[in-house]
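S.K.: The structure that follows is given in the form of structure tokens.
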Ligand code: NAD
């Protein structure tokens, strides 16, 4: 390993998208990592080499590090905590059932358990996205349970599903919010292999690190919502949103990423994190009016696109065969959390449509309860018969489909919600083509 890098013993609590990816990447850097989860089935699968989530490159990396014994899986939190120097809490922080606040039950319950097993100095890190002041609460809660020395640090994760490994290894920045110099030094050592490859390491206070994560996600959600609204205007004035995205994205002050118009933003982060930061602002008597508008606009987005479906089908949704290509919230992930397809498909079947979908990550449990929703096993099967095809997710697999060859319907209509197809080509086949913001 590079320079003075000293490998460490790490425990990841929560072996989901964040815990598993960061755990395996830390082990690949030479550390001894134990990934703990209370979900026995998940841990058993991982021990057999079965990866519970879809993430490109993950299987190979898990297999390599599991074989060389730097990566372990366990349900035993006690021994995992005792044998580790640093404990990363990577559990879920969903929205509370009632209201907009983040539900921190999993964080505090993990914290309480960890407290009872502290046997020597430990750094306890919130890698989960937690509202500002959660670290303060966690520290109080652990202090009540142990007299042993520990430090609570915030080290939010910025990886994107679908590109998680690359994002972990080549992050734009690493944010560490430690209120003590000792922990900061240890964390800087842990991340030194990434810092030496060019990652920026930012030391902040714990509260600052917590807020950086929410501010980043709220800003990105704002960018997506902004371009979606400009796309609405483009549709009225015969202007192409793709040209607008290029035209403004090349301005370095704006940047081209997260500037593609499409369906409402979804996923496990933006929807819950925008709501949580607004909730935090209310607690501290501040009005985050921009983020409030973003949430409102995004909520309207699915309804707006569905209205367009209604117009495209001449207000005759009943009995129409509609095919969704992709149902996950973005490409290269199996994550369905808050995907806009969860709003669109139930709406369309309520209106009497028959829906089939194809997603490269397979059948989705979320749609199994609907009689009129079928999952196709192949693209060929999916696109054979529908009246309307909706490209919902921007999987590469959909960019080169030969609709002319595969569709039996000469009057096929395509609604490309990701602008990934060539309008000219589709129209040349004699099909009707609609897209976003043009
Ligand atoms: P996830 O639901 O995929 O995984 C969480 C895991 O924690 C689950 O497997 C669950 O069984 C486990 N767990 C919960 N309580 C536990 C306990 N007491 N002991 C052991 N295991 C426990 O969640 P995720 O998507 O990995 O997100 C985790 C956190 O990271 C969230 O706060 C999220 O906002 C944040 N985050 C997520 C992403 C992402 O792209 N998914 C990116 C950055 C940050």
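S.K.: Looking at segment 62-77, can you tell me whether even one residue there is in a helix (DSSP H, G or I) and within 16 Å of the ligand (Cβ to nearest atom)? If you could, list the steps in order and put the result at the bottom.
M.R.: Pass one, segment 62-77, residues in a helix (DSSP H, G or I): 62-67, 77.
Going one step further and asking which of them are within 16 Å of the ligand (Cβ to nearest atom), we end up with 62, 77.
Yes, there is a match, as at least one residue in segment 62-77 is in a helix (DSSP H, G or I) and within 16 Å of the ligand (Cβ to nearest atom).
S.K.: Looking only at residues in segment 80-96 that are within 13 Å of the ligand (Cβ to nearest atom) and part of a loop (DSSP other than H, G, I, E, B), which one is surrounded by the fewest Cβ atoms within 10 Å (Cβ to Cβ)? Walk me through it before giving the result.
M.R.: Restricting attention to segment 80-96, the residues satisfying the condition of being within 13 Å of the ligand (Cβ to nearest atom) are 80-81, 87-95.
If we keep only those that are part of a loop (DSSP other than H, G, I, E, B) as well, we get 90-94.
Values: 90: 27, 91: 26, 92: 18, 93: 23, 94: 16.
Looking at the filtered set, the residue picked out is 94.
S.K.: Restricting to segment 33-71, and then to whatever is touching a residue at least 40 places away in the same chain (Cβ under 8 Å) and within 13 Å of residue 9 (Cα to Cα), can you tell me which residue is surrounded by the fewest Cβ atoms within 10 Å (Cβ to Cβ)? Working first, answer last.
M.R.: Pass one, segment 33-71, residues touching a residue at least 40 places away in the same chain (Cβ under 8 Å): 34, 36, 53-58, 61-62, 65, 70-71.
With the extra rule that they be within 13 Å of residue 9 (Cα to Cα), the set shrinks to 34, 70-71.
Numbers: 34: 24, 70: 19, 71: 26.
Taking the candidates together, the pick is 70.
S.K.: Further, regarding this structure: Go through segment 110-130 residue by residue and tally those that are assigned to a loop (DSSP other than H, G, I, E, B) and either closer than 17 Å to residue 15 by Cβ or within 9 Å of the ligand (Cβ to nearest atom) (or both). Give the derivation first.
M.R.: Looking only at segment 110-130, we keep the residues that are assigned to a loop (DSSP other than H, G, I, E, B), and these are 117-121, 127-130.
Narrowing the set further to residues that are either closer than 17 Å to residue 15 by Cβ or within 9 Å of the ligand (Cβ to nearest atom) (or both) leaves 127-130.
Going through segment 110-130 one residue at a time, the tally reaches 4.
S.K.: Same structure again: Does residue 381 fit the bill of being farther than 20 Å from residue 343 by Cβ, touching a helix residue (DSSP H, G or I) at 6+ places or on another chain (Cβ under 8 Å), in a helix (DSSP H, G or I) and at pLDDT 95 or above? Walk me through it before giving the result.
M.R.: Values: farther than 20 Å from residue 343 by Cβ: yes; touching a helix residue (DSSP H, G or I) at 6+ places or on another chain (Cβ under 8 Å): no; in a helix (DSSP H, G or I): yes; at pLDDT 95 or above: yes.
Answer is no for this residue.
S.K.: Turning to a different aspect of this structure: Can you name the residue in segment 267-285 that is part of a loop (DSSP other than H, G, I, E, B) and more than 12 Å from the ligand (Cβ to nearest atom) and is also surrounded by the most Cβ atoms within 10 Å (Cβ to Cβ) among such residues? Spell out the reasoning first.
M.R.: We begin by selecting, within segment 267-285, every residue part of a loop (DSSP other than H, G, I, E, B); these are 267-269, 284-285.
Retained after the next criterion (residues that are more than 12 Å from the ligand (Cβ to nearest atom)): 284-285.
Values: 284: 8, 285: 6.
It comes out as 284.
S.K.: Condition first: touching a residue at least 40 places away in the same chain (Cβ under 8 Å) and surrounded by fewer than 17 Cβ atoms within 10 Å (Cβ to Cβ). Now tell me which residues in segment 167-202 satisfy that.
M.R.: Answer for segment 167-202, where residues must be touching a residue at least 40 places away in the same chain (Cβ under 8 Å) and surrounded by fewer than 17 Cβ atoms within 10 Å (Cβ to Cβ): 169, 189, 196.
S.K.: Now for a different question. Any residue at all in segment 183-194 that is more than 27 Å from residue 119 (Cα to Cα) and either more than 14 Å from the ligand (Cβ to nearest atom) or assigned to a helix (DSSP H, G or I) (or both)?
M.R.: So the first thing to find is which residues in segment 183-194 are more than 27 Å from residue 119 (Cα to Cα), and the list is 193-194.
Now restrict to residues that are either more than 14 Å from the ligand (Cβ to nearest atom) or assigned to a helix (DSSP H, G or I) (or both): 193-194.
Yes, that holds for at least one residue.
S.K.: Here are some conditions: (1) away from the ligand (no atom under 16 Å from the Cβ); (2) within 23 Å of the chain's Cα centre (by Cα). Residue 178 meets all but one. Which one does it not meet?
M.R.: Here residue 178 clears every test but (2).
The values are calculated or read from the model by the stated rules, or taken from the named source; none is laboratory data. As the structure is a computational prediction, the values presented were derived from the model and not from experiment. Using ideal geometry, Cβ is built from the backbone for each residue, glycine included, and neighbour counts are taken over all protein chains shown.
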